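Every read-out reported here was derived from the displayed coordinates using simple, explicitly stated rules and does not represent laboratory data. In this text, all values refer to a predicted model and were calculated from it rather than measured experimentally. Neighbour counts are summed over all protein chains in view; Cβ atoms, including those assigned to glycine, are modelled from backbone coordinates with ideal geometry.
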Amino acid sequence: MVNRTPNDNDKIEVTSSACSMHEVGDVYAGYADKDELIAFCNELLEAERAGARVTLESAHTANSGPLAALLKTIQRDEARWCAMLVRHLKVLGRIPSSKIGGFYEKAMAISELSERLVFLNRGQSWVVRKLREMLPRVRDYSLNHDLTEMLQSHEANIKLATEFSARAL
Ligand SMILES: [Fe+2]
C-alpha cells in the first residue's frame with residue numbers, strides 16, 4: 001500500500017468522463033463494451049435479415065399448407081428481431097447495417113424446401129450459440145432482456161422446425 005500526503009507531487013489526471021470510467025469498469029468486470037455490442041448487434045441484424053428473407057421467399061414457394069405456415073411463423077419472428085436490433089443500435093448511437101447476411105445466398109442455393117429448412121435450422125442454431133455466449137456479458141437490462149427473448153424464440157422455432165422435419169421423413 002502506498003501512503004500519499006498532500007505534499008506528494010504526483011499529478012492525478014482526470015482524462016475520462018464518469019460515463020467512460022463506468023464503461024472501463026464494466027469491461028474489467030467482463031462485460032462487453034459499446035463497440036463490441038454494436039458489432040454483435042449488427043452481425044445478428046444481418047443474419048436475421050437474411051433469415052427473414054429466406055423464410056419469406058420460401059413461404060411463397062411453399063404456397064400453403066403446414067410448411068408455409070411454419071415458415072411464416074419463423075419469418076414474423078425474424079422480422080421482429082430485426083426491428084429490435086435496429087432499435088438498440090440506434091440507442092447505442094450507430095446507424096444499423098443495411099446488409100443481408102451471406103446466409104441468404106447459401107440458403108437460397110438449396111432448391112429443395114425441406115433441405116432448406118434443415119439449413120435454416122443450422123443458421124438458427126448459430127444465432128442461439130452467439131446469444132448464449134454474449135448474454136452473460138450484456139449489462140444493459142433492456143438489451144439483455146430483448147436478446148434473452150430472441151434466444152428463447154429461436155430455441156422454440158428450432159424445436160418446431162426439427163419436429164416438422166422429423167414428421168416429414
Ligand atoms: Fe434468426
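Please work out which residue is surrounded by the most Cβ atoms within 10 Å (Cβ to Cβ), limiting yourself to the stretch 80-96 and to residues that are more than 16 Å from the ligand (Cβ to nearest atom) and part of a helix (DSSP H, G or I).
Of everything passing the filter in the stretch 80-96, L89 is surrounded by the most Cβ atoms within 10 Å (Cβ to Cβ).
Considering the stretch 29-47 alone, what residues qualify as being part of a helix (DSSP H, G or I) and either loosely packed, with under 15 Cβ neighbours inside 10 Å or basic (K, R) (or both)?
Here is the first cut: in the stretch 29-47, the residues part of a helix (DSSP H, G or I) are 34-47.
The answer is K34, D35, E36, A39.
Quick check on the stretch 97-149: of everything there that is touching a residue at least 60 places away in the same chain (Cβ under 8 Å) and farther than 30 Å from Y31 by Cβ, which residue is nearest to the chain's Cα centre (by Cα)?
Within the stretch 97-149, the match that is nearest to the chain's Cα centre (by Cα) is L120.
Can you tell me how many residues in the stretch 132-160 are within 16 Å of the ligand (Cβ to nearest atom) and either outside any helix (DSSP H, G or I) or over 14 Å from E78 (Cα atoms) (or both)? Even if it seems obvious, please write down each step before you answer.
So the first thing to find is which residues in the stretch 132-160 are within 16 Å of the ligand (Cβ to nearest atom), and the list is 132-135, 146-160.
Remaining after also requiring either outside any helix (DSSP H, G or I) or over 14 Å from E78 (Cα atoms) (or both): 132-135, 148, 159-160.
Qualifying residue count, the stretch 132-160: 7.
Taking V118 as the residue in question, decide whether it is in contact with a Gly (Cβ under 9 Å, 6 or more places away or on another chain) and either within 12 Å of the ligand (Cβ to nearest atom) or assigned to a helix (DSSP H, G or I) (or both). Show your work before the answer.
Numbers: in contact with a Gly (Cβ under 9 Å, 6 or more places away or on another chain): no; either within 12 Å of the ligand (Cβ to nearest atom) or assigned to a helix (DSSP H, G or I) (or both): yes.
Here the answer is no, as V118 does not meet what is asked.
What about S64, is it small (G, A, S), touching a residue at least 24 places away in the same chain (Cβ under 8 Å) and either exposed (fewer than 14 other Cβ atoms within 10 Å of the Cβ) or in contact with a helix residue (DSSP H, G or I) (Cβ under 9 Å, 6 or more places away or on another chain) (or both)? Break it down into steps so the answer makes sense when it comes.
Numbers: small (G, A, S): yes; touching a residue at least 24 places away in the same chain (Cβ under 8 Å): no; either exposed (fewer than 14 other Cβ atoms within 10 Å of the Cβ) or in contact with a helix residue (DSSP H, G or I) (Cβ under 9 Å, 6 or more places away or on another chain) (or both): yes.
No; evaluated as a whole, the condition is false for this residue.
Does A59 satisfy the criteria of being within 16 Å of the ligand (Cβ to nearest atom), touching a Leu at 6+ places or on another chain (Cβ under 8 Å), assigned to a helix (DSSP H, G or I) and free of Cβ contacts under 8 Å to residues at least 60 places away in the same chain? Steps first, answer last, please.
Values: within 16 Å of the ligand (Cβ to nearest atom): yes; touching a Leu at 6+ places or on another chain (Cβ under 8 Å): yes; assigned to a helix (DSSP H, G or I): yes; free of Cβ contacts under 8 Å to residues at least 60 places away in the same chain: yes.
Against the criterion (within 16 Å of the ligand (Cβ to nearest atom), touching a Leu at 6+ places or on another chain (Cβ under 8 Å), assigned to a helix (DSSP H, G or I) and free of Cβ contacts under 8 Å to residues at least 60 places away in the same chain), A59 qualifies.
V127 - would you say it is assigned to a helix (DSSP H, G or I) and more than 23 Å from N42 (Cα to Cα)? Walk me through it before giving the result.
Details: assigned to a helix (DSSP H, G or I): yes; more than 23 Å from N42 (Cα to Cα): no.
No; evaluated as a whole, the condition is false for this residue.
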